[in-house]
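Bear in mind that the values in this text are calculations on the coordinates, not laboratory data. Keep in mind the model is a prediction, meaning the values are calculated, not measured. Glycine gets a Cβ as well: all are built from the backbone with ideal geometry, and neighbour counts include every protein chain shown.
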Amino acid sequence: MSQKKWVIGNWKMNPASVDTVFEFCHAFANQLSADTAWQERVMVGIAPSFVHLGLVDYGLSQESLGDDGDLPIMLVSQDVAGFDKATGAFTGDVSAEQITDLAEWTLIGHSERRQYHHETNELLTQKIINANRANLGVILCIGETKTEYQGGQTLGVLDTQLSILQGLTVENLIIAYEPVWAIGTGLTPTLDEIDSTHAHIKQTVERIFGKPVPILYGGSVNAANADDIAGCVNVDGVLVGGASLQAESFVSIIKAFA
Ligand code: PGA
């Protein structure tokens, strides 16, 4: 896999309207196309909601933007259905096969899905299998809660979350380490903590998987702390929530990794 850094925006259930999606695309492509040196160093992705995947695809195209369009921006899905089927009677679900028409990667196991949708290791395993079957790259999100962090249980929790990879074939894999207590709170672990936790994850995944995979940090990454986080040797990129919704802050973060 490429040695480039990764900067991926997770839009969650944002924004509220199609107009805002297009405004973002316009401003984002305009700022990113001003100086394209980042393309040599960074893989950029956006994970909009399912309804906005096609809109972002079009919104960033040459057809929509003219010369600013067609930047190498990957589309990422926020989830895939957990049924062992490409199509079928599953109202409200979207299969990995349907997603591959638009996206190259999918998040799996984001802490908000673990928390609000009670996603179990068994379900996450099936989602990874489904994504891989459809040739969709997997960005597996892991992270400890505040109580676990304060109890010194971080590495054990991460090992358990990573253990679902045991015995699975995953063609394209990225791990996103997102401490639950750092998501949307403005809090982050220290740079030393981020770096040493990433080193542990790297070793663990390599042991399970037999090859190195990119490890991204996520949780309150913003334009102000991106430079410092980019300086951590074991950080291969970031998964950005809130700060990816504004073109300016998202572009600053991309530049920090370039
Ligand atoms: P945040 O979210 O950057 O808003 O903290 C990150 C994420 O949940 O992926």
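For every helix of n ≥ 4 consecutive DSSP H residues, a contribution of -39,500 (n - 2.57) applies; sum these over the chain, divide by its total residues, and give [θ] at 222 nm rounded to the nearest 500 deg cm²/dmol. Write out the running numbers ahead of the final one.
On the way: 11 runs with 100 residues, N = 258.
About -11000 deg cm²/dmol.
Considering Cα pairs under 8 angstrom that are at least six residues apart, work out the relative contact order of region 135-181 and quote it in whole percent.
64
For the chain, give the magnitude of the charge dipole about the Cα centre (Cβ charges: +1 Lys/Arg, -1 Asp/Glu; no others), in debye to the nearest 20. It would help to have the intermediate numbers written out before the result.
On the way: 14 positive and 31 negative charges, 119 e Å.
That gives a dipole near 580 debye.
Grab the Cα-Cα distance for Asp67 and Glu248, subtract it from 0.36 nm times how many residues apart they are, and report the gain in nm with one decimal. If you can, show how the numbers build up before the last one.
Values: separation 181, 0.36 × 181 = 65.16 nm, distance 1.94 nm.
So the chain would gain 63.2 nm between Asp67 and Glu248.
What is the Cα radius of gyration of the chain over 2.2 N^0.38 Å, N being its residue count? Can you show the working numbers first?
Numbers: Rg = 17.4 Å, N = 258, 2.2 N^0.38 = 18.1 Å.
Against the empirical 2.2 N^0.38 Å value, I get 0.96 for the chain.
For region 120-208, give the magnitude of the charge dipole about the Cα centre (Cβ charges: +1 Lys/Arg, -1 Asp/Glu; no others), in debye to the nearest 20. Mind showing how you got there, number by number?
Values: 5 positive and 10 negative charges, 60 e Å.
Computed about the Cα centre, the dipole is about 280 debye.
Mind checking the log10 I(q)/I(0) for region 30-77 at q = 0.14, 0.16 Å⁻¹? Debye, one equal scatterer per Cα, no solvent, two decimals.
Evaluating at q = 0.14, 0.16 Å⁻¹ gives log10 I(q)/I(0) of -0.34, -0.45.
For region 122-197, what value does the Rg/Rh ratio take when both radii are computed over Cα atoms and Rh is the Kirkwood radius, given to two decimals? Could the numbers behind the result be given before it?
Working: Rg = 13.8 Å, Rh = 13.6 Å.
Rg/Rh for region 122-197 comes to 1.02.
For Cα pairs less than 8 Å apart in space and 6+ apart in sequence, what is the mean separation divided by the residue count of region 55-108, i.e. the relative contact order in percent?
Numbers: 56 pairs, mean separation 19.4, N = 54.
It rounds to 36 percent for region 55-108.
Looking at Tyr58, Leu107, Val44, which one has the Cα that reaches farthest to the positive end of the dipole of region 9-112 (charges on Cβ: Lys, Arg +1; Asp, Glu -1)?
Going by the Cα projections, it comes out as Leu107.
So if the hydrodynamic radius of region 92-142 is defined as the Kirkwood radius over C-alpha pairs, what does Stokes-Einstein give as its diffusion coefficient at 20 °C and 1.002 mPa s, in µm² per second?
Numbers: Rh = 11.1 Å.
Rounded to a whole number, D works out at 193 µm²/s.
Determine the relative contact order of region 49-154: mean sequence separation of Cα pairs under 8 Å and six or more apart, normalised by residue count, in whole percent.
Working: 136 pairs, mean separation 26.2, N = 106.
Answer for region 49-154 is 25 percent.
For Gly9, enumerate residues with amide H under 5 Å from its amide H, sequence gap 5+ or separate chain, H modeled in the peptide plane.
Gly45, Ile46, Ala47, Val240
Count the net charge of all other residues whose Cβ sits under 11 Å from the Cβ of Ala223, scoring Lys and Arg as +1 and Asp and Glu as -1. Please list the in-between numbers first.
Numbers: positive: Lys255; negative: Asp227, Glu248.
Counting the neighbours of Ala223, the net charge comes to -1.
Could you list, bin by bin from short to long, the percent of Cα-Cα pairs of region 1-149 in 5 Å steps?
Pairs per bin, as whole percents: 2, 9, 17, 20, 19, 15, 11, 6, 2, 0.
Please grab the % of Cα pairs in region 129-170 that end up more than 14 Å from each other.
Details: 477 of 861 pairs.
For region 129-170, the share of Cα pairs beyond 14 Å comes to 55 percent.
Mind pulling the per residue volume of the convex hull built on the Cα atoms of region 54-103? Å³ is fine. List each step's numbers first, then the result.
Details: hull volume 4.0 nm³, N = 50.
Measuring per residue, one finds 80 Å³ for the Cα hull of region 54-103.
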